[in-house]
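No value in this document is a laboratory result; all are computed from the given coordinates. Note that the structure is a prediction, hence the values are computed from the model and not measured. Cβ atoms come from the backbone with ideal geometry, glycine included; neighbour counts cover every protein chain shown.
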Number of protein chains: 2
Amino acid sequence: MSFNSSDFVPTPASIPPQGTVLRLGERKGLSPVNHHPLNPLDFLLRAAQVYPDKLALAHPDVVYPAFYSFAVWAQRVQNFAYGLIQNGICPGDRVAVIAPNSPLIADAHFAVLAARAILTPINTRLKPQEVAYILEHSGSLLVFIDHEYMHLIEGTNIPFIICNDTGRAGDPYESFLSNGRIFSQENGWQGLVLESDENSSCVLCYTSGTTGRPKGVITTLRGSYLAAIGNAFEGQMNRDSTYLWILPMFHAAGWTYPWANVFAFATQVTMRTVDFPRIWNHLLNSGVTHYCGAPTVQIGIVNDPMARKPPRPVTAIIAGAAPTPHLIAGLETKGIKPIHVYGLTYTLGPFTRNYEQPFWASLTLEQRAKYLARQGHAFATAQEVRVVQQSGEGAEGVKLTDVPRDGKTLGEIVTRGNIVMKEYFRDPAATEKAFTGGVFRSGDLAVMHPDGSIAIMDRSKDIIISGGENASSLAIEQELATHPHILEVSVVARKHPKWGERPMAFVTLHPRYAHVWSGRHREFSDDLKAHAKSRLPGFACPEWVDVVPELPKTSTGKILKTELRKIVGKL
Amino acid sequence: MSFNSSDFVPTPASIPPQGTVLRLGERKGLSPVNHHPLNPLDFLLRAAQVYPDKLALAHPDVVYPAFYSFAVWAQRVQNFAYGLIQNGICPGDRVAVIAPNSPLIADAHFAVLAARAILTPINTRLKPQEVAYILEHSGSLLVFIDHEYMHLIEGTNIPFIICNDTGRAGDPYESFLSNGRIFSQENGWQGLVLESDENSSCVLCYTSGTTGRPKGVITTLRGSYLAAIGNAFEGQMNRDSTYLWILPMFHAAGWTYPWANVFAFATQVTMRTVDFPRIWNHLLNSGVTHYCGAPTVQIGIVNDPMARKPPRPVTAIIAGAAPTPHLIAGLETKGIKPIHVYGLTYTLGPFTRNYEQPFWASLTLEQRAKYLARQGHAFATAQEVRVVQQSGEGAEGVKLTDVPRDGKTLGEIVTRGNIVMKEYFRDPAATEKAFTGGVFRSGDLAVMHPDGSIAIMDRSKDIIISGGENASSLAIEQELATHPHILEVSVVARKHPKWGERPMAFVTLHPRYAHVWSGRHREFSDDLKAHAKSRLPGFACPEWVDVVPELPKTSTGKILKTELRKIVGKL
């Protein structure tokens, strides 16, 4: 570990009483001897008991770096919880956080639970009116806001606490914590009531939908506990692990990694922004072993000039889209092992994983990438994943039939189980719709292969219907991405007088090859079309190819097809 | 993997239909979309979907070796479950198994759950009258019995199925499975109802108490699921792991490892007997990575003439007593990493773990062993462990006070949470007593160190009161065991006219040094007493030392202090 944490002194209120060992003893709100409500908060209390002095949270790349041990962190979380209660927050109330990856939002993932309230993390990349909508819809009673994002809540009537991200006395957030400590009267964890119902709400996340109003997704304590353990297990994390926060923690509660890391006693490193040289500094010098990110981010990582093999093996958890052979090769030559998972905010992050099979060892990279691109099977603490077609109408009449395992027949991915959301917040109609047929309806279209693994073909709306044939824009993208000069690609439908719709591809060139095609984008288009023809059926070959400097993306790094469709609509 | 499994052909009834991939689809008995009852049975269904062809269960050291993939194993378990239903077994009924480590008892850990019945594993080392008592007390309706143990149920009125442990057609157990398959009418897993209440009973284990009648301990599905995941996580198991069955599976449901291994997709190797050359054959040639065992077994392993460093790192999970510096050194020089855990049948096996601390790296082996001997902190899915003293009387008046963290004050280890037994079977009074004060009372005496780790001093009845001082027989044993010529040691109280009680030590000599003291046991006693004097307070030094050829042990390898006390009583 390269952190120079010796200069850092936590505020007096952050220092636990009587040395550093957390003592729990009797807890309020617990009754049967042999039944304990599942709650990810317990992970932190356990870590503070077993490894009180271990580095839990490092926030190094700022003017005022901060470093917290598990004991100190647990004390801060406790202060935070008392502060919430002091400010009138009651069980079930919503508490919003608007912050980049930093101690504030990491703290909130435990402290809000400790006050039995519901955490509402808000995407920092939204517009003020979207933030206002979420604050209103969630009914948040208190907002914790990072100083850099004050413009997002200008004019709000809701009380807020500013965090200057200093960890030093004088920071309003630190004063809040100190006041919480005073308010606690040193009653410690025994003075806080543990939520006795594990099916209580945990986090309220708003999906950054590409269309319409954001929707509030409520998760449960039980689901968060089980999903976090699943993630820690699937990543084979342990107390020697160091997790680098590249994925925004506000995105689907960081896929439950804020808790998974603590369950594993791992050290977490927070970075306010996605900055590739800084990422590489941590991969090379801070002992990082794990990080999560969408392929677009991973592409940026492997292509950074600082990229070289880190001293420790690194596991990269990839979701959001399938990794291309390019990307897999890029990661593996850097000693980074990709784990491809698939999930949604509604499933608390990952709920399937691509499980490596022994026979892959004898495959070429490109063959292996084809298997690795599949979304795979239900993961550790998830239940079965199915691909179904619906017949019948209305709530009573709906019948779901599993598609054949032929790797061809399209159906919708559905699942059920403990790591499915509790409900849409204040929207029973939407909840009912999402649960139609007694399963959670993902809206993603997939096939099931003979080995039982699933492979996403598209979101329903992303299917391109060309001459009556269903072309999967995702499948087309995957094939186009095998062209060695391509960095990223996105395919959408464009109206066609004869075929109804035809695929149009938007591509960015790999920086290493951009100069080759400089001023010759038309030739590149022809080259790519020829490449496509050798790999795809005619109806799936792109009719148009547009080389662009960059692709429009959501705040979480997903390519915004809605923006591309707007462009296409004007052509 | 060295198994020559290619000759083995499973019975036709063991082959799943339509290739090898398990399809679940809709399941009976499940209702909310976002709540799935925790059940370790699910681990096998998931393994059969993700790694259908991977070796799940190997039973190599017998006349008819057997090797089952996850797909085949899941089919056999399904047949077993249908067979139980065919034989009139209803949800909640008890099904007994009397078998050494072998596929039968591994199968039963899943199949009985799949029939929603309660598994009653019976210790094969009991006497026929004890077995008869357990069968009667449990109300078992059907017994699965290994052919070698028929004498244990002679004259029983309860229907039984004999298993000749062949895995071949003609074996009565195989006929039972085949009939179950026929009875299933190929309705598969969808034809079986999954238990919808995770707090339902899972296993009924009888404790092989050193005094009195065996007591039936009931665990829950939820507890078993969470304990198994905890064990898989603590052992850092994964699909590359191979677990060797040395611990009897009938002992506290194999500490939930029958399920933990499957959760991790690990291969399990069963051995009917504890045979050190065979253990070494597997450690050296079968890719074994994990096993569990009491220190007495571990001592046998490290002292076997075949002992050398295995090709893969091995993790040995040790419980039952603290490992001595001798043993730790013996294991580590063989590349075997010891994990010291502590648990009871009432806690589904391990519920604390000794967590290695970074500063140990700079300690001597003997210093490190002192830390490693502690029982440590609550483990992954357990809740807090406390050491308490009781004041007040009766159910109302009982008050539990945590002892100071001084490493000195004796108290009773208590815990609560998901991995505590449901109850004593048909014994509400005993349950109430065990849960007095709203916690599970372990009956083990311990201290809590300043770092919050616990260290067992003794069972209450094993404390020696010498001249008014409490001497921990365990602490004395640990100090005596540092004498390099000792293999095993046990200390009990012996009446003393002046001091009330004084410690008497029974020791066995290490084979390597036995000849040194041959005919000079009196001199060895003096040597050991001198050794004790340099390390223990006077009241804890053994007054008498008896060198014996071996120590009396329970069927599970625990030293039988009751037998030693009988000997002492006659002196």
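Working from the pairwise distances between different alpha carbons, so that the mean of 1/r is found and then inverted, what is the protein assembly as shown's Kirkwood radius in Å?
31.6 Å
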Notebook entry, point to check: Can you give me the Cα centroid spacing of the range A:256-270 and the range A:122-166 in angstrom?
Noted result: 25 Å
Item checked: Charge dipole of chain A about the Cα centre (unit charges at C-beta), most positive-ward option of A:GLY376, A:HIS326, A:GLY343 -> A:HIS326
Notebook entry, point to check: Looking only at other chains, what is the average number of their beta-carbon atoms within 10 angstrom of each beta-carbon in A:30-43?
Noted result: 6
Item checked: Residue-wise HN-Hα coupling along the range A:154-161, computed from phi with Karplus coefficients 6.51, -1.76, 1.60 (Hz; x: Gly, Pro) -> 3, x, 5, 8, 7, x, 9, 10
Notebook entry, point to check: Tell me, what ³J(HN,Hα) does each residue in the range A:127-134 have, in order and in whole Hz, if you take phi through Karplus 6.51 cos²θ - 1.76 cosθ + 1.60 with θ = phi - 60° and put x for Gly and Pro?
Noted result: 8, x, 5, 5, 4, 4, 4, 5
Notebook entry, point to check: Per residue of chain B, what 222 nm ellipticity follows from adding -39500 (n - 2.57) for every DSSP H run with n ≥ 4, rounded to the nearest 500?
Noted result: -8500 deg cm²/dmol
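With Cβ to Cβ distances under 10 Å as the rule, what net charge do the other residues near B:PHE435 carry (K, R +1; D, E -1)?
Summing Lys/Arg as +1 and Asp/Glu as -1 gives +1.
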Checklist line | Counted charge near B:GLN375, where neighbours are those whose Cβ lies closer than 9 Å (Asp, Glu -1; Lys, Arg +1) | finding: +1
Next item on the list: Report, by chain and number, residues whose modeled amide H sits under 5 Å from the one on A:ARG168, excluding near sequence neighbours (fewer than 5 apart, same chain).
Entry: none
Next item on the list: Just need the relative contact order of the range A:467-569 here, percent rounded to a whole number, with Cα pairs under 8 Å and 6+ apart.
Entry: 29 percent
Margin query: Take A:LEU363 and A:THR409, extend 7 Å from each Cα along the Cα→Cβ direction, and tell me the distance between the two endpoints in nm.
Written below: 2.4 nm
Next item on the list: Amide H neighbours of B:PHE425 under 5 Å, at least 5 residues apart or on other chains, H built in the peptide plane: list them.
Entry: B:GLY216, B:VAL217, B:ILE218
Next item on the list: Between beta-carbons, use under 14 Å as the cut-off and find the net charge around B:ARG168, counting Lys and Arg +1, Asp and Glu -1.
Entry: -3
Item checked: Principal axis dimensions, the range A:37-315 - Cα atoms, whole angstrom, descending -> 51, 45, 38
Item checked: Kirkwood-type radius of the range A:467-569, with distances r between different C-alpha atoms, in Å -> 13.9 Å
Check: B:SER69's amide H: which non-local residues (gap 5+, or another chain) put their own amide H closer than 5 Å, with H modeled 1.01 Å from N in plane and none for Pro or chain starts?
Finding: B:ALA56
Checklist line | Furthest towards positive pole of dipole, B:VAL398, B:PHE67, B:VAL387, structure part chain B, Cβ charges | finding: B:VAL387
Next item on the list: One decimal, nm, shortest first: give the distances between the label point of A:LYS498 and those of the same position in the other copies, each label point 7 Å from Cα along Cα→Cβ.
Entry: 11.4
Check: Between their Cα atoms, which of A:LYS370/A:LYS422; A:LYS408/A:LYS570; B:LYS433/B:LYS570; B:LYS28/B:LYS215; B:LYS461/B:LYS553 are more than 25 Å away from each other?
Finding: A:LYS370/A:LYS422; A:LYS408/A:LYS570; B:LYS433/B:LYS570; B:LYS28/B:LYS215
Next item on the list: For the range A:96-108, just list the computed ³J(HN,Hα) in residue order, Karplus coefficients 6.51, -1.76 and 1.60, θ = phi - 60°, integers in Hz, with x standing in for Gly and Pro.
Entry: 8, 10, 10, 7, x, 4, 6, x, 3, 6, 5, 4, 4
Next item on the list: Quick one: compute the contact order of the range A:156-259, relative version, from alpha carbon pairs under 8 angstrom and 6+ residues apart, as a percent.
Entry: 17 percent
Item checked: Shielding of A:380-391 by partner chains, average beta-carbon count, 10 Å -> 4
Check: Given +1 on the Cβ of Lys and Arg, -1 on the Cβ of Asp and Glu, and no further charges, what dipole in debye does chain B carry about its Cα centre, rounded to the nearest 20?
Finding: 760 debye
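Which whole-number percent gives the relative contact order of chain B, counting Cα pairs below 8 Å spaced six or more residues apart?
So the answer I get is 11 percent.
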Notebook entry, point to check: What does the charge dipole of the range A:37-315 about its Cα centre add up to, to the nearest 20 debye, if the Cβ of each Lys and Arg holds +1 and the Cβ of each Asp and Glu holds -1?
Noted result: 480 debye
Item checked: Cα lying deepest toward the dipole's positive end in the range A:467-569, options A:LEU487, A:LEU560, A:PRO549, charges on Cβ -> A:LEU560
Checklist line | Order of A:CYS292, A:CYS90, B:CYS541 - criterion: other Cβ atoms within 10 Å of each residue's Cβ, fewest first | finding: A:CYS90, B:CYS541, A:CYS292
Next item on the list: Using only the Cα atoms of chain A, construct the convex hull and provide its projected area averaged over every direction, in square nanometres to one decimal.
Entry: 27.3 nm²
Notebook entry, point to check: What is the range A:140-180 by shape, rounded, prolate or oblate, if you read a ≥ b ≥ c off the alpha carbon gyration tensor as root eigenvalues and call it rounded for a/c under 1.5, prolate for a/b larger than b/c, and oblate otherwise?
Noted result: oblate
Checklist line | Cα-centred dipole magnitude for the range B:193-330, charges only on beta-carbon of K, R (+1) and D, E (-1), debye, nearest 20 | finding: 340 debye
Next item on the list: Enter the mean number of other protein chain beta carbons within 10 Å of the beta carbon of each residue in A:53-59, as an integer.
Entry: 1
Note to self: Neighbour counts of other C-beta atoms within 10 Å: give me B:PHE3, B:PHE67 arranged from fewest to most.
What the structure shows: B:PHE3, B:PHE67
Note to self: What do you get for trypsin sites (Lys or Arg not before Pro) in the range A:484-513 restricted to DSSP loop and a cutoff of at most 11 other Cβ within 10 Å of the site's Cβ?
What the structure shows: A:LYS498, A:ARG512
Notebook entry, point to check: So for the pair A:GLU186, B:GLU550, with labels modelled 7 Å out along Cα→Cβ, what separation do we get in nm?
Noted result: 5.8 nm
Notebook entry, point to check: Cα centroid distance between the range B:460-517 and the range A:460-481, in Å?
Noted result: 77 Å
